[in-house]
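Asker: The structure's right below; bear with me while I get my questions together.
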Amino acid sequence: SIGILKNGQYSYYGYGETVKGNRIIPNQNTYFEIGSITKVYTAIAIVKMLEDEGKSIDTPIKAYLPADLPTLNRDGVELTFKHLLTHTSGLPYMPNNLGLSFYTNTAKGWREYDNNKLYSALKSTRLAFEPFTDFTYSNTAMGTLGVILERKYGKDYGDIIKEMILQALNLQATSAYFEETDLANWAKGYKSNGKESDYWKTLNALDGAGVLKSNASDMLKFAQANIELPTSPISNSLSLCQNIFTNIVSETNFDKTVNCLGWFSYQNKGINDETFLYHNGGTGGFNSELFINLERESGLVLLFNTDGGTESRELFIRELLRIISE
C-alpha cells in the first residue's frame, strides 16, 4: 500500500494481495504492522513528558526507573534521554535475555517479555561505548523509554500514545492494540521464505520500540501533521524531534542518515540534494517506510506485507522519492 502526499493532495496505490491468493489489492485503509516507526511516536511522547515537567532531553533517566537498578553509565557519563532517543546510549540492539523461545516463536516471545525481564537485562548490561560517542540502533533503548512512559503515567503504552498523540492529531486508524483495528481489513504478513507470520499483537516491555499498527491513510495524516505542525499541545514536541542532534553518519549502498529524536535525517545517494525525515519498520511479516520532505511539503509511505528488503525495492523507493521531490 503506497501513499503519496504532494501539493496538498493525497494519492494512494495498491499492488499485490492482502493475503496470498485472495486477489484483494491493499488500499489506503488496509492495516499493516508499522514496526519501528513506532519509535517516532515514543520520542514525541517522551519529549512532551519532559516539556510538561520543565526538563530537557539532557535529563538523566535514573530517576524514572526502579530505584534498585544501577546508574547506567560508561566512563562516568550517565545515560540521559537524549542518548536513548538518538541511539547513542550504548545499550544493545536487543536485550540480552530474550531467551531461545523468542527465536523459535517470536510472537510468543514478545508476549512473555515483561518489564521485570527488561529490568533484569538493564541490570546486567554494560554499555558498549561512552554515551553520545557512537551509534548503535537500539530496541532496548526505545523499549525502555516506553516503560518510562508507563511508569510516569500509570497506564499502558498504547493508551498513553492514544491520549497524547493519536487523539491530538486525529489519527483514528493507528493503535497499539490489534483488537482496536478494523479486523476485517488487515493484510497478512509473510516471512522472506513465503510462510505466513504470526501478528505481533504485543511487544510487551518493548512496545515503545515497535508495537503500533496503522494504514497508509493515517500515516499520510501523520506526515502532514509533521509538515504543518498544527496548533496542538504536542506541536513543540513534533518540532523538536525533527532536529538533528548528532554528527554521526550511518551509510548503506543506497543512503545515509543522521540522528534526530526518534526520526532520522535521510539522504538518498541517488537524490543528493534532497533531505527527508525518515523512519522504517520491520516485524515478522511486515516492512514499512515513511519519508517526509519538509521543504517541499511532501510525504511518502510504503507498507509491505513481506519482511525483507531487496535492491529492486530500494531502487523503486528512490524513484518515488524523486516524484515527491519534484
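Asker: Let me know the Kirkwood hydrodynamic radius for region 1-117, please, with Cα pairs as the basis and the value in Å to one decimal.
Answerer: After inverting the mean inverse Cα-Cα distance, the result is 18.4 Å.
Asker: Around Gly3, what is the net charge, scoring Lys/Arg as +1 and Asp/Glu as -1 over all other residues with Cβ under 14 Å from its Cβ?
Answerer: Values: positive: Lys6, Lys221; negative: Asp218, Glu289.
With Lys, Arg at +1 and Asp, Glu at -1, the net is 0.
Asker: May I pose another question? Quantify how much of the Cα-Cα distance distribution of region 115-246 extends past 19 Å, in percent.
Answerer: 62
Asker: Related question: Most mobile of Leu238, Leu127, Leu277 per a Gaussian network model of the chain (Cα springs, under 10 Å)?
Answerer: Greatest mean-square fluctuation among the candidates belongs to Leu127.
Asker: Continuing with the same structure: Can you tell me the FRET efficiency between Asn97 and Lys256 if r is taken as the Cβ-Cβ distance and R0 is 51 Å, rounded to the nearest 0.05?
Answerer: Details: r = 33 Å, r/R0 = 0.65.
Computed FRET efficiency for Asn97 and Lys256 comes out at 0.95.
Asker: Pick out, in residue order, every one of the trypsin sites (Lys or Arg not before Pro) in region 7-49 that is DSSP loop and has at most 15 other C-beta atoms within 10 Å; say none if there are none.
Answerer: Lys20, Arg23
Asker: Which one of Thr133, Thr125, Thr310 has the biggest mean-square fluctuation once the chain is modelled by GNM with Cα springs under 10 Å?
Answerer: Thr310
Asker: Which parts of region 70-92 would a label at Glu53 reach, counting a residue when its backbone N lies under 11 Å from a point 7 Å out along Cα-to-Cβ?
Answerer: 81
Asker: Same structure, new question: So for the chain, Kirkwood radius off the Cα pairs, Stokes-Einstein at 10 °C and 1.306 mPa s: how many µm² s⁻¹? Walk me through the intermediate numbers first.
Answerer: Working: Rh = 19.9 Å.
Estimated via Stokes-Einstein, D reaches 80 µm²/s.
Asker: Taking the 0 to 90 degree range and rounding to the nearest ten, how far is the long axis of helix 115-124 tilted relative to the main principal axis of the chain, both from C-alpha atoms?
Answerer: Roughly 60 degrees between the two axes.
Asker: Starting at 0 and stepping by 5 Å, how many percent of the alpha carbon pairs of region 218-302 end up in each bin?
Answerer: With 5 Å bins starting at 0, P(r) equals 3, 14, 22, 27, 20, 10, 4, 1.
Asker: Which one, Gln172, Asn204, Leu183, is farthest towards the positive end of the dipole of region 171-326 when Lys and Arg carry +1 and Asp and Glu -1 on their Cβ?
Answerer: Checked the options; the winner is Asn204.
Asker: Could you work out the local net charge near Leu320, counting Lys and Arg as +1, Asp and Glu as -1, over the other residues with Cβ closer than 14 Å to its Cβ?
Answerer: Combined, the nearby Lys, Arg, Asp and Glu give -1.
Asker: Between region 226-275 and region 304-321, what is the C-alpha centre distance in whole Å?
Answerer: So the two Cα centres are separated by 20 Å.
Asker: While we're here: Could you work out the relative contact order of the chain, using alpha carbon pairs under 8 angstrom and six or more residues apart, expressed as a whole percent? Could you put the intermediate results ahead of the total?
Answerer: Details: 689 pairs, mean separation 82.6, N = 326.
Computed value for the chain: 25 percent relative contact order.
Asker: Using a 1.4 Å probe over the heavy atoms of the protein chains, calculate the carbon and sulfur portion of the accessible area of the chain as a whole percent.
Answerer: Carbon plus sulfur share of accessible area: 46 percent.
Asker: Assigning unit charges at the beta carbon (Lys, Arg +1; Asp, Glu -1) and nothing else, what dipole magnitude in debye, to the nearest 20, does the chain show about its Cα centre?
Answerer: 520
Asker: Just the number, please: Stokes-Einstein D of region 153-205 in µm²/s, Kirkwood Rh from C-alpha pairs, 4 °C, 1.567 mPa s.
Answerer: Rounded to a whole number, D works out at 100 µm²/s.
Asker: Of Asp156, Asp218, Asp273, which is the most mobile in a GNM of the chain whose springs link Cα atoms less than 10 angstrom apart?
Answerer: Asp273
Asker: Okay, moving on. Tally Lys and Arg at +1 and Asp and Glu at -1 over the other residues with C-beta under 11 Å from the C-beta of Phe264: what net charge comes out? Write down the numbers at each step before the final one.
Answerer: Values: positive: Lys39, Lys256; negative: Asp255.
Net local charge, Phe264 excluded: +1.
Asker: Roll a 1.4 Å probe over the protein chains and send me the accessible area per residue for region 1-141 in Å².
Answerer: Per-residue accessible area for region 1-141 comes out at 45 Å².
Asker: Using a 1.4 Å probe, how large is the accessible area of Val258, given in Å² and rounded to the nearest 10?
Answerer: 30
Asker: Region 127-186 to region 1-80: how many Å between their Cα centroids?
Answerer: 6
The values are calculated or read from the model by the stated rules, or taken from the named source; none is laboratory data. Keep in mind the model is a prediction, meaning the values are calculated, not measured. Please note: Cβ atoms are built from the backbone with ideal geometry, for glycine as well, and neighbour counts cover all protein chains shown. Protein only, heavy atoms only, side chains kept; ligands, DNA and RNA dropped before computing areas. Shrake-Rupley method; radii C 1.70, N 1.55, O 1.52, S 1.80 Å.
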